[in-house]
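The values are calculated or read from the model by the stated rules, or taken from the named source; none is laboratory data. Quick caveat: nothing in here was measured; it's all calculated off a predicted structure. Counting neighbours? That spans all protein chains shown, and the Cβs are built from the backbone with ideal geometry, glycine included.
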Amino acid sequence: MIKNRDLIQRLAEGNRRYLTASAAGGDVSPSARRKTAAEGQRPYAIVVACSDSRVIPESIFSAGIGELFVIRVAGNVLDNHQLGSIEYAAAHLHCRLILVLGHTGCGAVSAALNGGGDGFIRYITDEILAAVGQERDPDAACCLNVEHAVGIIRREFALHPEIPSADLDILGAVYDIATGEVRWL
Ligand SMILES: [Zn+2]
């Protein structure tokens, strides 16, 4: 059951603005910068996204300074550092919406489907392969990879003393790098 429908609406509305030619974008003005520096950050959502240069969460959701707590890592995979970042934003900044955002044409997913990478990349492709199993269709694999990360977050924070899971939404979505649309899973 969705609890933070207003926050999800805010993301969806931001994406709609991004899709229009007259997209206003988020507030990155000097006054917004000074205000958040003085008063602290109160991001309304945590977004776990890929490092791909075509996937810019703040732009995709028309978000400005202080609005999104973004964690970017190739293939939007999770390890303890990412989970620590999520924990910080949920427990201490009181974010109540966590979104894992995969995307079409993901090179990390493709690398995993093509047998995995070398060096440190292998840590990423191994995690994606664990998520996708025998699936070899890139779009289906992308969705499975997102759902895998959503499952990890749900499990890890199910009984967290400082994060009330009753108030939390943990969702997945896929961003289309050609159309700019976010498809909610
Ligand atoms: Zn990617």
Exercise. Go through the range 101-119 residue by residue and tally those that are within 12 Å of the ligand (Cβ to nearest atom) and not in a loop (DSSP other than H, G, I, E, B).
Key: 9
Quiz item: Hey, does the range 141-157 have a residue that's over 19 Å from the mean Cα position of the chain (by Cα) and closer than 21 Å to S85 by Cα?
Solution: no
Quiz prompt | Checklist (1) more than 24 Å from H92 (Cβ to Cβ); (2) touching a Lys or Arg at 6+ places or on another chain (Cβ under 6 Å) applied to I60, failing item | solution = (2)
Quiz item: If you check every pair at least six apart or on different chains, which have Cβ atoms under 6 Å apart with a residue in the range 51-66 that is in contact (Cβ under 8 Å) with a residue 24 or more places away in the chain first and a residue that is within 16 Å of the ligand (Cβ to nearest atom) and assigned to a loop (DSSP other than H, G, I, E, B) second?
Solution: R54/I177
Quiz prompt | Answer from A91, A108, A49 - the residue that is aliphatic (A, V, I, L, M) and surrounded by fewer than 19 Cβ atoms within 10 Å (Cβ to Cβ) | solution = A91
Quiz prompt | First in the range 147-175 and without any contact (Cβ under 8 Å) to a residue 24 or more places away in the chain, second anywhere and assigned to a loop (DSSP other than H, G, I, E, B) and not small (G, A, S), Cβ under 9 Å, 6 or more apart | solution = H148/V77; H148/L78; R154/L168; P164/R96; S165/F157; S165/L159
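Residues are listed down the side, and each one gets a yes or a no for (1) surrounded by 20 or more Cβ atoms within 10 Å (Cβ to Cβ); (2) under 15 Å from I152 (Cα atoms):
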{"position": "R54", "(1), (2)": "no, no"}
{"position": "F61", "(1), (2)": "yes, no"}
{"position": "L68", "(1), (2)": "yes, no"}
{"position": "D79", "(1), (2)": "no, yes"}
{"position": "H103", "(1), (2)": "yes, no"}
{"position": "G115", "(1), (2)": "no, no"}
{"position": "F120", "(1), (2)": "no, no"}
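Answer yes or no as to whether A131 is touching a His at 6+ places or on another chain (Cβ under 7 Å), within 16 Å of the ligand (Cβ to nearest atom) and modelled with pLDDT of 95 or more. Spell out the reasoning first.
Working: touching a His at 6+ places or on another chain (Cβ under 7 Å): yes; within 16 Å of the ligand (Cβ to nearest atom): yes; modelled with pLDDT of 95 or more: yes.
Answer is yes for this residue.
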Exercise. Could you list all residues from the range 42-89 that are away from the ligand (no atom under 14 Å from the Cβ), in a loop (DSSP other than H, G, I, E, B) and within 17 Å of G26 (Cβ to Cβ)?
Key: R42, P43, Y44, F61, S62, A63, G64, I65, G66, E67
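A131 - would you say it is crowded, with 21+ Cβ neighbours inside 10 Å and assigned to a helix (DSSP H, G or I)? Walk me through how you get there before you give the answer.
Values: crowded, with 21+ Cβ neighbours inside 10 Å: yes; assigned to a helix (DSSP H, G or I): yes.
When the stated conditions are applied, A131 passes them.
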